Structures are given as structure tokens and as C-alpha cells.
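Structure, as C-alpha cells:
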Amino acid sequence: MNSDRKAARSAAQGWLAAILVIIGCVVASAPVGAASFQPLEIVTKNGVQVFSVEMATTEEEKQTGLMYRKELADGKGMLFDFNPEQEVSMWMKNTYVSLDMIFIRADGRILRIAENTEPLSTKIISSRGPARAVLEVVAGTAQKYGIRPGDRVGHPLFGSK
């Protein structure tokens, strides 16, 4: 009877180890990046455009951004918080998807838009003035929805929505 218990215990430990390995593989294959999604609105002369954005607030999240992602759906994006307002520089290193980078002032107004950025480029993309945040969306979004400098962004980061 004692050897049966040892055999059962050994089998259970083996199954447990296998399950832990499988869970570890699933977790490791999950997309790396910010986990918090929030709604964001941009008020344009054509109407209000609503996006679902991941928040990049920690240094690690801001450094990684959308790197290594193979796609970004329309209506999705990442919002980088650079509080306090400051000159911001971005690049496309290890980023496979062309993006529109929307630089936003602390008052929620769009300062500048860098459209159709070059994937994998290490060329510096500057805010060209103080920005509180940067919204990255799939390339062509600004043109598609008529988003322009001066448009207002609605999100709690800017004291609205």
C-alpha cells in the first residue's frame, strides 16, 4: 500500500509540473505591453472619434510601447503619459506596424501629428514642442478621420472624460 501511495503521489507531481509548464508557456506567449485599456475621444470637425487605448505609464511600458506587434486594429492605440508636459522624442525601433503619432498638449489639444511613420526606423520623431502625451494609432488614422492639430482629445489624462 505504501508503494501505491508513492506511485500516485509521483504521478500527481508529474501532472502538476506539466500543467505549470503549459501555464508558463501561455503566459509567456501573451502580448507584452500595457494591460489597462481605456476609452479616448478625439473631437474633430467631422465628429467625435472613439478609440480604445492601452496606457503606457511606467518607464518599461513607455520604452516598449508597440514594439514587436505585428498588427494594430483600427480604433485601437496606445497612449503614452509623459507628465509633466515636455519635449518628447519617439522612434520606431522594433515596431513592425506603421503608425500615426499624435502629440497632445497638457490641455488636451493636439500639438502635432507624425503620419505614416516608417516601421523599424531609428529616426527620431519629435513633438516639436511641449507635449503631455503621445497617442499611437495605426497609420492612416489621422487622414481617415480628419484628425488635425488643434483638435481636442477627451481622456482623464487631460482632465476630461
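Overview of results
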quantity: Selection within the range 59-84 - open to solvent by less than 80 Å² (accessible area, probe 1.4 Å), of a type outside the set (A, V, I, L, M) and either without any contact (Cβ under 8 Å) to a residue 40 or more places away in the chain or over 14 Å from Thr141 (Cβ atoms) (or both); calculated: Glu61, Lys62, Thr64, Gly65, Arg69, Gly75, Phe80, Asp81, Phe82
quantity: Number of the exception - Pro130 against (1) open to solvent by 10 Å² or more (accessible area, probe 1.4 Å); (2) touching a residue at least 40 places away in the same chain (Cβ under 8 Å); (3) under 21 Å from Lys45 (Cα atoms); calculated: (3)
quantity: Residue, nearest to the chain's Cα centre (by Cα), within the range 57-93, restricted to residues that are of a type in the set (A, V, I, L, M, F, W, C) and not in a strand (DSSP E or B); calculated: Leu66
quantity: Among (1) surrounded by 12 or more Cβ atoms within 10 Å (Cβ to Cβ); (2) farther than 17 Å from Ser98 by Cα, the one test that Val53 misses; calculated: (2)
quantity: Scope the range 62-98; condition closer than 17 Å to Pro149 by Cβ and among the aliphatic types (A, V, I, L, M); matching residues; calculated: Val88, Met90
quantity: Failed item in (1) open to solvent by 30 Å² or more (accessible area, probe 1.4 Å); (2) outside any strand (DSSP E or B); (3) at negative phi, with Val97 passing the rest; calculated: (1)
quantity: Residue that is surrounded by the most Cβ atoms within 10 Å (Cβ to Cβ) [pool: residues in the range 133-161 that are among the β-branched types (Val, Ile, Thr) and either at pLDDT below 95 or in a strand (DSSP E or B) (or both)]; calculated: Val137
quantity: Residues within the range 106-122 that are open to solvent by less than 30 Å² (accessible area, probe 1.4 Å) and more than 15 Å from Thr141 (Cβ to Cβ), tallied; calculated: 2
quantity: Residue list for the range 113-132, restricted to those being in a strand (DSSP E or B) and in contact with a Ser or Thr (Cβ under 6 Å, 6 or more places away or on another chain); calculated: Ser126
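The values are calculated or read from the model by the stated rules, or taken from the named source; none is laboratory data. The structure displayed is predicted, hence computed values, not measured ones. Note that each Cβ is placed from the backbone with ideal geometry, even for glycine, and that neighbours are counted across all protein chains shown. We work out accessible area using only protein heavy atoms, side chains counted, and drop any ligands, DNA or RNA first. Shrake-Rupley method; radii C 1.70, N 1.55, O 1.52, S 1.80 Å.
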